[in-house]
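The values are calculated or read from the model by the stated rules, or taken from the named source; none is laboratory data. Note that the structure is a prediction, hence the values are computed from the model and not measured. Note that we place each Cβ from the backbone using ideal geometry, even for glycine, and neighbour counts take in every protein chain shown. Side chains are part of the model used for accessible areas, which takes the heavy atoms of the whole protein and leaves out ligands, DNA and RNA. Shrake-Rupley method; radii C 1.70, N 1.55, O 1.52, S 1.80 Å.
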Amino acid sequence: MHFRDTAEEAAFRAEARAFLEAHATPRTGTDADWSRDASAADPATQAEFVRRCRAWAATLYDAGWAGITWPRAYGGRGGTPAQSVIFSQEAAAYDVTLGFVGAAQQLVGPPLLRFGSDAQRERFLRPLLRGDEMWCQLFSEPGAGSDLAALSTRAVPDGDGWRVSGQKVWTSGAQHADFGILLARTDPERPKHKGITFFIVDMRSDGVEVRPLVQATGLAHFNEVFLTDVAVRSDAVVGDVHGGWAPARATLASEAGMIGGAGQSSGYDAVLAAVRAAGRTDDPLVRQELARVWTHQRLLEFLRYRMQSAILAGRRPEVDPSVLKNLFVAALAHRVETALDATGAAGMLDGIDAVDGGFWQRQVTGQFASRIGGGTTEVHRTMIGERALGLPAEPRTDKDVPWVATVR
Ligand SMILES: Cc1cc2nc3c(=O)[nH]c(=O)nc-3n(C[C@H](O)[C@H](O)[C@H](O)COP(=O)(O)OP(=O)(O)OC[C@H]3O[C@@H](n4cnc5c(N)ncnc54)[C@H](O)[C@@H]3O)c2cc1C
């Protein structure tokens with residue numbers, strides 16, 4: 001979809017296109033694109049992928065194209081949601097991605113911009129935008145995923161700061177991270193949402209141990225992180241002590257929207273390239289599915305734009321992030337299966353015989369990560385029911401009792 005650009009937006013689009021032409025090469029939609037290597041299992045390819053993501057972040061930052069809607073005071077462009085959408089539309093035609101760096105910007109930016117101290121924003125936002133420092137999200141635990149507020153990692157006061165102990169899991173990119181945003185329980189006597197504090201943790205601290213977890217795709221995308229008496233300074237608290245649920249919600253809303261926006265490397269153009277390579281563009285049934293892929297993509301762009309506009313204007317989003325997330329995963333499942341189906345029986349081949357280097361197989365296997373990460377489809381359906389449709393809330397018997405009473 002192209003919005004009807006205003007004169008200023010048309011000028012912005014032309015400027016963005018000129019920048020991209022000068023600094024990136026067109027996306028081919030084939031295995032020749034480095035931006036498709038996010039799912040590559042081979043460690044050397046992964047390392048090169050991370051390096052190129054960081055290099056692209058630096059290129060954007062140095063040329064004034066990073067954080068299009070972020071304030072200029074913190075290295076952003078101070079632009080509009082429409083400009084952000086326009087830039088994404090134009091960038092989609094090029095072999096570029098921010099990968100883990102982009103994810104970190106979406107997870108860490110909103111809570112720091114809204115709840116962080118001036119010193120935290122000054123210290124962390126520019127290196128985050130430029131990809132000079134990598135981040136991870138230390139929220140989920142073995143006993144706290146969908147019910148995140150049940151978390152049991154503890155932070156206890158220690159002199160002027162805190163000591164943190166506990167276990168996190170599914171921590172994407174922790175093996176590359178310099179810092180993590182961490183939720184820890186600071187008052188077990190309060191109800192579960194009210195005794196949590198949001199911290200910034202230096203991942204090189206003593207007592208932080210990162211253990212990679214290998215997924216069905218062969219890639220170690222996420223990790224277990226063990227924290228043993230990790231020292232955290234008092235100025236690493238984001239927002240209020242015991243008030244960490246508010247910045248956590250800023251992260252979670254942005255995360256759902258982010259996952260709803262991901263997947264460029266398997267977008268319409270890539271699906272079309274796979275169908276062409278398989279010689280199936282004349283097949284009326286395949287053409288019908290291609291039309292659906294294209295329609296989903298445009299619909300998601302439109303919904304993202306509506307949501308981002310509302311958030312930046314300080315309004316309640318007309319589009320719930322949960323709606324966007326669930327539509328995105330449905331569209332993702334459809335398009336990756338369309339591409340793999342088009343390759344026919346050859347799509348079952350593995351190793352050096354695999355079609356497109358196994359890219360579409362990895363997308364089909366990897367789609368489940370998007371269904372779970374950032375909140376599962378079922379949990380987002382509950383949120384849509386309660387927040388968007390006003391249906392009666394699920395019974396939550398542990399909401400107003402001290403957390404400690406729920407674990408006895
Ligand atoms: C690729 C990927 C990356 C991730 N990255 C990170 C990260 O960087 N940092 C981080 O902190 N976490 C991360 N996560 C963790 C993710 O947020 C959790 O996996 C997710 O919230 C689900 O939690 P869980 O795995 O504990 O499943 P559970 O909460 O145990 O859910 C198990 C099943 O029960 C269902 N269920 C649970 N509650 C309800 C309910 N109330 N109603 C109906 N059904 C329900 C769920 O839908 C699911 O099917 C990542 C996960 C994935 C897959």
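Structure notes:
- Scanning the stretch 302-317 for residues that are polar (S, T, N, Q) and either in contact with an Asp or Glu (Cβ under 9 Å, 6 or more places away or on another chain) or not in a helix (DSSP H, G or I) (or both) gives a single hit, 309.
- If only residues of the stretch 237-259 that are aliphatic (A, V, I, L, M), open to solvent by 10 Å² or more (accessible area, probe 1.4 Å) and part of a helix (DSSP H, G or I) are counted, the one that is farthest from residue 379 (Cα to Cα) is 246.
- Of residues in the stretch 353-362 being surrounded by fewer than 21 Cβ atoms within 10 Å (Cβ to Cβ) and part of a helix (DSSP H, G or I), the one modelled with the lowest pLDDT: 357
- Residues of the stretch 208-236 that turn out to be outside any loop (DSSP other than H, G, I, E, B) and at positive phi, as a count: 1
- Per the listing 146, 88, the residue uniquely open to solvent by 20 Å² or more (accessible area, probe 1.4 Å), more than 13 Å from the ligand (Cβ to nearest atom) and either at pLDDT below 95 or basic (Lys, Arg) (or both) is 88.
- Search result, residues across the stretch 364-385 that are at pLDDT 90 or above and away from the ligand (no atom under 11 Å from the Cβ): 364, 384
Condition check ((1) assigned to a helix (DSSP H, G or I); (2) touching a residue at least 12 places away in the same chain (Cβ under 8 Å); (3) touching an Asp or Glu at 6+ places or on another chain (Cβ under 8 Å); (4) surrounded by fewer than 19 Cβ atoms within 10 Å (Cβ to Cβ)) across all residues:
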residue: 272; (1), (2), (3), (4): yes, yes, no, yes
residue: 276; (1), (2), (3), (4): yes, no, no, yes
residue: 293; (1), (2), (3), (4): yes, yes, no, no
residue: 300; (1), (2), (3), (4): yes, yes, no, no
residue: 319; (1), (2), (3), (4): no, yes, no, no
residue: 333; (1), (2), (3), (4): yes, yes, no, yes
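- Residues satisfying the stated conditions in the stretch 371-396, i.e. open to solvent by 100 Å² or more (accessible area, probe 1.4 Å) and under 21 Å from residue 141 (Cα atoms): 372, 378, 396
- Of all residues in the stretch 214-224, those satisfying the criterion of being among the aliphatic types (A, V, I, L, M) and open to solvent by 40 Å² or more (accessible area, probe 1.4 Å) are 214, 216.
- For residue 329, the test of being touching a Leu at 6+ places or on another chain (Cβ under 7 Å) and buried (at least 20 other Cβ atoms within 10 Å of the Cβ) is failed.
- Test: residue in the stretch 383-399 that is within 28 Å of residue 266 (Cβ to Cβ), part of a helix (DSSP H, G or I), assigned by TED's automatic domain parsing to the domain that holds residue 329 and without any contact (Cβ under 8 Å) to a residue 60 or more places away in the chain: no
- Screening residue 332 against (1) of a type outside the set (Phe, Trp, Tyr); (2) modelled with pLDDT under 90; (3) within 30 Å of residue 249 (Cβ to Cβ) leaves a single unmet condition, (2).
- The C-beta contact set for the stretch 363-378 (first residue not assigned by TED's automatic domain parsing to the domain that holds residue 220 and in a helix (DSSP H, G or I), second residue near the ligand (Cβ under 7 Å from one of its atoms) and not small (Gly, Ala, Ser), distance under 6 angstrom, 6+ apart or interchain) comprises 371/377.
- Qualifying residue in the stretch 59-81 (condition: surrounded by 17 or more Cβ atoms within 10 Å (Cβ to Cβ), part of a helix (DSSP H, G or I) and at pLDDT below 95): yes
- Number of residues in the stretch 225-236 that are charged (D, E, K, R) and either in contact with a helix residue (DSSP H, G or I) (Cβ under 7 Å, 6 or more places away or on another chain) or crowded, with 20+ Cβ neighbours inside 10 Å (or both) equals 1.
- All positions within the stretch 157-173 that are on the phi > 0 side of the Ramachandran plot and more than 8 Å from the ligand (Cβ to nearest atom): 159, 166
- Look at (1) over 16 Å from the mean Cα position of the chain (by Cα); (2) open to solvent by 40 Å² or more (accessible area, probe 1.4 Å); (3) within 11 Å of the ligand (Cβ to nearest atom) and you find that residue 126 fails only one, number (3).
- Matching residues, the stretch 82-94, being assigned to a loop (DSSP other than H, G, I, E, B) and within 19 Å of the chain's Cα centre (by Cα): 92
For every residue, the table says whether it meets (1) within 15 Å of the ligand (Cβ to nearest atom); (2) surrounded by fewer than 17 Cβ atoms within 10 Å (Cβ to Cβ); (3) assigned to a loop (DSSP other than H, G, I, E, B).
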residue	(1), (2), (3)
107	yes, no, no
155	no, no, no
188	no, yes, yes
201	yes, no, no
